[in-house]
1. Residues in segment 77-96: is at least one among the β-branched types (Val, Ile, Thr) and either modelled with pLDDT of 85 or more or touching a Cys at 6+ places or on another chain (Cβ under 8 Å) (or both)?
2. So, in segment 22-46, of the ones that are within 9 Å of the chain's Cα centre (by Cα) and among the aliphatic types (A, V, I, L, M), which residue ends up modelled with the highest pLDDT?
3. Return the residues of segment 1-22 that are farther than 25 Å from Met35 by Cα and either in contact (Cβ under 8 Å) with a residue 24 or more places away in the chain or small (Gly, Ala, Ser) (or both); say none if nothing qualifies.
Amino acid sequence: MVPVFLVGIYVFVLSVFVGFEVISKVPTMLHTPLMSGTNFIHGIVIVGAIIVLGYADDGVTKTIGFVAMVLATANVVGGWFVTDRMLEMFKRRPTDRERKR
């Protein structure tokens with residue numbers, strides 16, 4: 001029987017390779033919107049970290065859950081700022097006639 005730790009490492013290494021292949025095929029024009037959207041998905045990580053903290057019994061689990069929650073929150077906030085900045089680029093600039101009003 002293969003130890004659970006080795007299976008976890010195997011899955012992690014495979015996910016790194018698959019993730020790299022998928023991301024490397026993304027065109028440059030779509031990179032920022034794609035990353036902005038995936039940062040918002042980290043809200044799921046925040047919920048998972050809260051659940052882990054709710055069931056945590058020892059200090060190590062509490063620390064890992066807290067660090068996961070802090071990093072996921074930073075990623076969600078960063079994704080929001082990137083999205084806001086990206087949407088600012090699509091707003092129309094006022095013309096000379098509109099500025100004089």
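The values are calculated or read from the model by the stated rules, or taken from the named source; none is laboratory data. Note that the coordinates shown come from a computational prediction; the quantities given were computed from them, not determined experimentally. For neighbour counting, all protein chains shown are included, and Cβ atoms are generated from backbone atoms with ideal geometry for every residue, glycine included.
1. Yes, segment 77-96 contains a residue that is among the β-branched types (Val, Ile, Thr) and either modelled with pLDDT of 85 or more or touching a Cys at 6+ places or on another chain (Cβ under 8 Å) (or both).
2. Looking at residues that are within 9 Å of the chain's Cα centre (by Cα) and among the aliphatic types (A, V, I, L, M), I get Val45.
3. Gly8
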